[in-house]
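Please read the structure below before turning to the comments.
The values are calculated or read from the model by the stated rules, or taken from the named source; none is laboratory data. Please read all numbers here as calculations on a predicted model, not as lab measurements. Cβ: placed from backbone, ideal geometry, glycine included. Neighbour counts: every protein chain shown. With ligands, DNA and RNA removed, areas are computed over all heavy atoms of the protein, side chains included. Shrake-Rupley method; radii C 1.70, N 1.55, O 1.52, S 1.80 Å.
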Amino acid sequence: MKSWDIFCTAIDNFGDVGVSWRLARQLAHEFALDVRLFVDDPQVLELLCPEVSPSLPIQWVSGVQVIRWGAGLEVAPAAVVIETFGCRLPDTLISAMAARDPASLWINLEYLSAESWVEDCHCLPSPQVTGPQKYFYFPGFTERTGGLLREKDLLLKRQQFTQADKRHFLRKLGVDPSPGSVLVSVFTYENESIASWLEILCRDESRFHLLVPTGRISKNIQRWLGVEVLAHGEIHSCGQLTIQAIPFVRQEDYDLLLWSCDLNLVRGEDSFVRAQWAGKPFLWHIYPQEGNAHLEKLAAFLRYYLDGMGVEAAAATQRFWGDWNRQKALQESWAVWQKHWPDLERNAERWCSQLARQPGLAESLARLAQSWYKRRAEITPPF
Ligand code: TRH
């Protein structure tokens, strides 16, 4: 069971590829597994890992075999096959997984959600007409889920990240904040309400320095600034507020960005999880879904996250996060949220330590595969 295949389609943005790439690297590095990552759009992967050449059909990068996944791809399946986020595997592959001896363990890695039904569905078999047994696998925030991706040395590395490391990292990005600035990373979806926030930051007595990787929020900021483009390296000021466009960094460096900032605005799934491991106050722009289904997911996460926080700070967080995600004016909710800063910082560290007591996602997947193969060996005599 040393061979693992991870299949991934880039639906939109970077999250699907981001999670698959992170998982692939961790399984290869920490569990010495032979991992192949099949990805339909290696260009997205190149953004996260510039060593990837999108034109190559097969390549080795960071100990992982990266394979461009297109129509007609025929490969002998691995012992463990992970289909990420319900991407559909080709029928020929499914038949080959069933014909394999022993048949491949088939796992459907699902999206992250804090909703309570996740615990009931985690590891449930998914009935199949053909092919081997498939299992749902849910990442999550409790012991009754698959946990979150967390590299073995992640929290140690964060602890060892010094002020000098931070200065060095920021300098490489061309960032040189004035002393005492509140550094904020801004990686969110489009949001009209950012204008109201920039308005108050601009008048605030504290000095805010926003670092904005080029992306979906750029247009809203450009509109507020009254500029056509926001190119890397550009710096705009308004009162005490500085807005700086920074390049999209490789995935490992994104952690350094989060650790360097005092507040992180994150989105989707993977940056949302990394912000939690950064142990800093953050704001989650959840991926918007039809019928506002995402608001229930947001509330479900906040029920866990705010559990150890003071009542007023928790209410302020609920309001500010709610206003951001409903694209409402932010003046009042920001003013109240900001007052609870010490509580927000304490809670961020508390939550990070609480999560770190649970096994990580890669580890729990590796354990599942091990026990599944062991059970099979017990049930099926070798001759
Ligand atoms: O990009 P996202 O919005 O991705 C997703 C997808 O939209 C997906 O379809 C959806 O279902 C999911 O969200 C919920 O956000 P996410 O998940 O945070 O992924 C961003 C990735 O980009 C993450 O791996 C971190 C990485 N990143 C860098 O490597 N460098 C950077 O400079 C930045 C800003 C991000």
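From the set of residues in the stretch 92-123 that are within 16 Å of the ligand (Cβ to nearest atom) and not hydrophobic (A, V, I, L, M, F, W, C), which is nearest to Trp4 (Cα to Cα)?
Applying the first criterion (within 16 Å of the ligand (Cβ to nearest atom)) to the stretch 92-123 yields 108-115, 118.
Filter once more, keeping what is not hydrophobic (A, V, I, L, M, F, W, C): 108, 110-111, 113, 115.
Values: Asn108: 13, Glu110: 17, Tyr111: 20, Ser113: 25, Glu115: 29 Å.
Top of the filtered list is Asn108.
For Thr242, which of the numbered conditions (1) within 18 Å of Asp343 (Cα to Cα); (2) open to solvent by 20 Å² or more (accessible area, probe 1.4 Å) fails to hold?
(1)
Limited to the stretch 192-203, what total is found for residues that are in a loop (DSSP other than H, G, I, E, B) and touching a Phe, Trp or Tyr at 6+ places or on another chain (Cβ under 7 Å)? If you could, list the steps in order and put the result at the bottom.
We begin by selecting, within the stretch 192-203, every residue in a loop (DSSP other than H, G, I, E, B); these are 192-193.
Filter once more, keeping what is touching a Phe, Trp or Tyr at 6+ places or on another chain (Cβ under 7 Å): 193.
Residues flagged as in a loop (DSSP other than H, G, I, E, B) and touching a Phe, Trp or Tyr at 6+ places or on another chain (Cβ under 7 Å) within the stretch 192-203 amount to 1.
Could you tell me which numbered condition His285 fails, if it satisfies all but one of (1) within 26 Å of Glu205 (Cβ to Cβ); (2) open to solvent by less than 10 Å² (accessible area, probe 1.4 Å)?
With (1) within 26 Å of Glu205 (Cβ to Cβ); (2) open to solvent by less than 10 Å² (accessible area, probe 1.4 Å) applied to His285, the lone miss is (1).
Of the numbered conditions (1) in contact with a Leu (Cβ under 7 Å, 6 or more places away or on another chain); (2) under 28 Å from Pro50 (Cβ atoms), Gly147 fails exactly one; give the number of that condition.
The one condition Gly147 does not meet is (2).
Could you grab the pairs with beta carbons closer than 7 Å, sequence gap of 6+ or different chains, first residue in the stretch 231-257 and without any contact (Cβ under 8 Å) to a residue 24 or more places away in the chain, second one away from the ligand (no atom under 13 Å from the Cβ) and outside any helix (DSSP H, G or I)?
Ile235/Thr242; Ile235/Gln244; His236/Ile243
Scanning for something under 20 Å from Phe208 (Cα atoms), more than 16 Å from the ligand (Cβ to nearest atom) and surrounded by 19 or more Cβ atoms within 10 Å (Cβ to Cβ), does the stretch 295-308 turn up at least one residue?
Applying the first criterion (under 20 Å from Phe208 (Cα atoms)) to the stretch 295-308 yields none.
No; the residues of the stretch 295-308 include none that is under 20 Å from Phe208 (Cα atoms), more than 16 Å from the ligand (Cβ to nearest atom) and surrounded by 19 or more Cβ atoms within 10 Å (Cβ to Cβ).
Hey, Glu252 hits all of (1) part of a helix (DSSP H, G or I); (2) more than 16 Å from the ligand (Cβ to nearest atom) but one; which does it fall short on?
Glu252 satisfies every listed condition except (2).
Tally the residues that are within 10 Å of the ligand (Cβ to nearest atom) and in a helix (DSSP H, G or I), restricting the search to the stretch 270-284.
Within the stretch 270-284, the subset within 10 Å of the ligand (Cβ to nearest atom) is 270-275, 284.
Adding the requirement that they be in a helix (DSSP H, G or I) leaves 270-275.
Total meeting the criteria: 6.
Let me confirm something: among Leu27, Leu89, Leu48, which residue is open to solvent by less than 20 Å² (accessible area, probe 1.4 Å), within 24 Å of the chain's Cα centre (by Cα), within 14 Å of the ligand (Cβ to nearest atom) and outside the structural domain of Ser271 (by TED's automatic domain parsing)? Steps first, please.
Details: Leu27 fails: within 14 Å of the ligand (Cβ to nearest atom); Leu89 fails: within 14 Å of the ligand (Cβ to nearest atom).
Matching residue, one of Leu27, Leu89, Leu48: Leu48.
Where the second residue is away from the ligand (no atom under 16 Å from the Cβ) and open to solvent by 40 Å² or more (accessible area, probe 1.4 Å) and the first is part of a helix (DSSP H, G or I) and lies in the stretch 285-308, which pairs have Cβ atoms under 8 Å and are six or more apart or on separate chains?
Leu295/Arg326; Ala300/Ser116; Leu302/Gln318
Restricted to the stretch 207-227, and to residues that are modelled with pLDDT of 95 or more, more than 20 Å from Trp284 (Cβ to Cβ) and not in a strand (DSSP E or B), which residue is farthest from the ligand (Cβ to nearest atom)? Lay out the reasoning, then the answer.
Narrowing the stretch 207-227 to residues modelled with pLDDT of 95 or more: 207-213, 216-227.
Subsequent filtering for residues that are more than 20 Å from Trp284 (Cβ to Cβ) retains 207, 209, 219, 222-227.
Narrowing further to those that are not in a strand (DSSP E or B): 207, 219, 222-227.
Values: Arg207: 23, Lys219: 15, Gln222: 17, Arg223: 20, Trp224: 20, Leu225: 20, Gly226: 24, Val227: 21 Å.
So the residue we want is Gly226.
Confirm whether Val175 is closer than 16 Å to Leu258 by Cβ and either modelled with pLDDT under 95 or not in a loop (DSSP other than H, G, I, E, B) (or both).
On the way: closer than 16 Å to Leu258 by Cβ: yes; either modelled with pLDDT under 95 or not in a loop (DSSP other than H, G, I, E, B) (or both): no.
No; evaluated as a whole, the condition is false for this residue.
Please pick out the residue among Pro139, Pro102, Pro132 that is surrounded by 17 or more Cβ atoms within 10 Å (Cβ to Cβ), touching a residue at least 40 places away in the same chain (Cβ under 8 Å) and part of a loop (DSSP other than H, G, I, E, B).
Details: Pro102 fails: surrounded by 17 or more Cβ atoms within 10 Å (Cβ to Cβ); Pro132 fails: touching a residue at least 40 places away in the same chain (Cβ under 8 Å).
When all the criteria are applied, what remains is Pro139.
Among the numbered criteria (1) more than 23 Å from Gly140 (Cβ to Cβ); (2) of a type in the set (A, V, I, L, M, F, W, C); (3) without any contact (Cβ under 8 Å) to a residue 60 or more places away in the chain, which one does Trp324 miss?
(3)
Could you grab me the full set of residues in the stretch 15-24 that are modelled with pLDDT of 95 or more and either more than 14 Å from Ile82 (Cα to Cα) or near the ligand (Cβ under 9 Å from one of its atoms) (or both)? Please lay out each step first, then the result.
Residues of the stretch 15-24 modelled with pLDDT of 95 or more: 16-24.
Listed by number, the residues that qualify are Asp16, Val17, Gly18, Val19, Trp21, Arg22.
Before we move on, is Val39 crowded, with 19+ Cβ neighbours inside 10 Å, near the ligand (Cβ under 10 Å from one of its atoms) and not assigned by TED's automatic domain parsing to the domain that holds Gly268? Give the derivation first.
Numbers: crowded, with 19+ Cβ neighbours inside 10 Å: yes; near the ligand (Cβ under 10 Å from one of its atoms): no; not assigned by TED's automatic domain parsing to the domain that holds Gly268: yes.
Spelling it out, it is not the case that Val39 is crowded, with 19+ Cβ neighbours inside 10 Å, near the ligand (Cβ under 10 Å from one of its atoms) and not assigned by TED's automatic domain parsing to the domain that holds Gly268.
Spot the failing condition for Trp197; the list is (1) open to solvent by less than 20 Å² (accessible area, probe 1.4 Å); (2) farther than 21 Å from Phe169 by Cα; (3) within 16 Å of the ligand (Cβ to nearest atom), and only one is missed.
The one condition Trp197 does not meet is (3).
What number of residues in the stretch 185-238 are of a type outside the set (A, V, I, L, M) and either more than 21 Å from Ser333 (Cα to Cα) or not assigned by TED's automatic domain parsing to the domain that holds Gly322 (or both)? Quick ask: steps written out before the conclusion?
If we filter the stretch 185-238 for residues that are of a type outside the set (A, V, I, L, M), which is where we start, we get 185, 187-193, 196-197, 199, 202-209, 213-216, 218-220, 222-224, 226, 228, 232-234, 236-238.
Imposing the further condition that a residue be either more than 21 Å from Ser333 (Cα to Cα) or not assigned by TED's automatic domain parsing to the domain that holds Gly322 (or both) reduces the set to 213-216, 218-219, 222-223, 226, 228, 232-234, 236-238.
The qualifying residues number 16.
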